[in-house]
Amino acid sequence: ASFSKPSYQEEGDLFHFLLEKHYVAKIAAADYNIESIIELARNHATELDITHAETELGINLFREYVLFYQTESWIPEEVEVPFAYTLLEDESAGIKIILEGKIDLLCRESKTDLPLIVDHKRVARNYPYHNRDNQILAYSLVTGRRDFVINQIGEQKSYSVDKRLQR
């Protein structure tokens, strides 16, 4: 039997792809054309198990995101940062526990120079996060940064853009 991801994970994959290309271009200080990133995303979407309508919804959300945050104060440093961190190693017992993951974005807040960890979440509804969340704790441990931003991208049609895009 083959395994396929649920469509919301595939839609999240597409949105992460768009944001990755967006922030990589910002790091390169590129005055890029958003349409070139959108074309790359349409090509990427052909490898995903999502419909054309779902692809276009993601692209429209991305357009809204870029417009809404065009004056954001983040200075991106690294995008899609993989890590492997040894939590425990006991050679005598033959045990090694390694924490692995990938951080969406490391950046600095330009006004305060505060180093931030950013995790993008595409959501169907708003929900609260807790500071004892394992992902937040793991990323803070690995980076030595303590300020974590959940970059929530909501797709609720009845909400205004400022209610759907929250950090």
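The tail of the calculated P(r) for region 60-156, taken as Cα-Cα distances beyond 15 Å, holds 68 percent of the pairs.
Look at the alpha carbon pairs under 8 Å that are at least 6 residues apart: their mean separation over the length of region 8-167 gives a relative contact order of 18 percent. A convex hull fitted around the alpha carbon atoms of region 62-118 yields 89 Å³ per residue. Kirkwood radius, region 44-86, all distinct C-alpha pairs, inverse of mean reciprocal distance: 13.4 Å. Working note: 222 nm ellipticity from helices only, DSSP H runs with n ≥ 4, each -39,500 (n - 2.57), summed and divided by the residues of the chain, gives -12000 deg cm²/dmol to the nearest 500.
Taking the Cα atoms only, what angle lies between the long axis of helix 52-68 and the longest principal axis of the chain, rounded to 10 degrees? Tilt relative to the chain: about 80 degrees. A viscosity of 1.306 mPa s and a temperature of 10 °C, combined with the Kirkwood radius over Cα pairs in Stokes-Einstein, give a translational diffusion coefficient for region 91-131 of 112 µm²/s. Note on the chain: Rg/Rh from Cα positions, Kirkwood definition for Rh, rounded to two decimals, is 1.00. Translational diffusion of region 1-95 was estimated from the Stokes-Einstein equation, with Rh taken as the Kirkwood radius over Cα pairs; at 25 °C and 0.890 mPa s the coefficient is 157 µm²/s. As a length-normalised measure over Cα pairs under 8 Å and 6 or more apart, the relative contact order of region 66-145 settles at 25 percent. Beta bridges assigned by DSSP with both partners in the chain are antiparallel in approximately 70 percent of cases.
Every read-out reported here was derived from the displayed coordinates using simple, explicitly stated rules and does not represent laboratory data. The model shown is predicted, which means the values in this text are computed figures rather than measured ones.
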